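Heads up, the thing below is written out as structure tokens.
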Amino acid sequence: MRVDLEDLANGYRHRPISAAGLARARRAATSVQLQPGDVALDIGGGRGQHAAVWLDYGALPIVVDPARGMLHAVAIQQGVMPMSAVAQALPLANQRVRLSYFHLSIHYGDWRRALDEVIRVSRNDAECWIWTMGEQHHRSSFLARWFPSVGDIDSVRFPEPGRLAAYLAARGWDVETGKETEHKVKRAGSWRAAVEARFVSTLQLISADELARGLAEFDRVHPDPDKPVDYLLTFDWIRASV
């Protein structure tokens with residue numbers, strides 16, 4: 001299942017950062033007690049809005065992403081460093097990083113190699129935070145309501161959160177896990193435009209026929225483009241520390 005990351009970067013224009021998303025980045029910074037000069041990695045960090053939060057702590061935020069479109073947006077944010085790389089091959093020295101952060105990005109590529117790289121580059125007082133989604137979300141998401149294959153696709157793409165936690169624990173990290181929901185509200189027309197732009201990578205992996213059928217049904221149920229639609233995102237989070 002290949003995703004065109006440059007197309008996804010274009011779709012991110014329809015995916016503004018939320019207050020809840022910024023709060024998650026602050027939570028990680030507070031948990032690890034980021035200090036001035038600490039290196040903080042947002043791995044698969046997209047346009048860099050999460051990483052920019054860590055400037056308030058005096059940290060050196062780095063966004064690791066292979067997509068040129070994402071890194072161009074990062075470069076505009078003063079103080080946030082863009083780094084063209086993938087999670088499975090971080091171009092950083094051993095024991096250099098205080099915070100590693102995955103926000104809906106651990107499912108891109110081999111997650112075991114990604115976590116091995118995090119372990120390699122992490123200091124002895126580091127934390128790794130992973131925000132991902134599990135089966136509960138995949139089967140009940142707002143996207144899956146209109147595009148039925150989304151649940152099956154994401155069940156394959158996303159590693160089961162318990163396996164991520166167990167992998168880190170087996171390597172000597174202290175691990176906590178939990179769930180959190182975020183309430184989203186969009187105008188119907190705005191959500192439809194976001195779907196057409198494939199603002200979520202899974203939408204690249206469904207057929208054109210399924211996309212058309214799902215949008216037609218959405219239009220039938222939500223004919224007024226200015227009327228709000230609301231839905232929940234269900235996150236699984238993992239906090240691992242050494």
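The values are calculated or read from the model by the stated rules, or taken from the named source; none is laboratory data. Quantities reported herein were computed from a predicted structural model and do not represent experimental measurements. Cβ atoms come from the backbone with ideal geometry, glycine included; neighbour counts cover every protein chain shown.
Summary table
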{"read-out": "Any pair with Cβ under 9 angstrom, 6 or more apart, that starts in region 135-152 at a residue that is farther than 16 Å from Asp219 by Cβ and assigned to a loop (DSSP other than H, G, I, E, B) and ends at one that is at pLDDT 95 or above and among the charged types (D, E, K, R)", "value": "Ser141/Asp154; Pro148/Glu210"}
{"read-out": "Residue match in region 84-95 (condition: outside any loop (DSSP other than H, G, I, E, B), farther than 22 Å from Thr234 by Cα and under 16 Å from the mean Cα position of the chain (by Cα))", "value": "no"}
{"read-out": "Residue check for Leu99: modelled with pLDDT of 95 or more, under 23 Å from Ala20 (Cα atoms) and outside any helix (DSSP H, G or I)", "value": "yes"}
{"read-out": "Filter result for the condition that a residue is touching a Lys or Arg at 6+ places or on another chain (Cβ under 8 Å), closer than 30 Å to Asn94 by Cβ, surrounded by fewer than 17 Cβ atoms within 10 Å (Cβ to Cβ) and not aliphatic (A, V, I, L, M), over Asp116, Asp125, Asp110", "value": "Asp125"}
{"read-out": "Positions within region 42-66 being buried (at least 18 other Cβ atoms within 10 Å of the Cβ), of a type in the set (A, V, I, L, M) and either modelled with pLDDT under 95 or touching a Gly at 6+ places or on another chain (Cβ under 6 Å) (or both), in sequence order", "value": "Ala51, Val63"}
{"read-out": "Residue within region 46-54 that is farther than 21 Å from Asn124 by Cβ, touching a residue at least 24 places away in the same chain (Cβ under 8 Å), assigned to a helix (DSSP H, G or I) and in contact with a Lys or Arg (Cβ under 8 Å, 6 or more places away or on another chain) present", "value": "yes"}
{"read-out": "Residues of region 167-199 satisfying the condition of being surrounded by 12 or more Cβ atoms within 10 Å (Cβ to Cβ) and either part of a helix (DSSP H, G or I) or at pLDDT below 95 (or both)", "value": "Tyr167, Leu168, Ala169, Ala188, Gly189, Ser190, Trp191, Arg192, Ala193, Ala194, Val195, Glu196"}
{"read-out": "So Ala29, is it among the small types (Gly, Ala, Ser), farther than 24 Å from Thr202 by Cβ, in a helix (DSSP H, G or I) and in contact with a helix residue (DSSP H, G or I) (Cβ under 6 Å, 6 or more places away or on another chain)", "value": "yes"}
{"read-out": "Qualifying residue in region 3-13 (condition: outside any helix (DSSP H, G or I) and either hydroxyl-bearing (Ser, Thr, Tyr) or touching a residue at least 60 places away in the same chain (Cβ under 8 Å) (or both))", "value": "yes"}
{"read-out": "Matching residues, region 11-40, being loosely packed, with under 15 Cβ neighbours inside 10 Å and touching a Gly at 6+ places or on another chain (Cβ under 8 Å)", "value": "Gln35, Pro36, Gly37"}
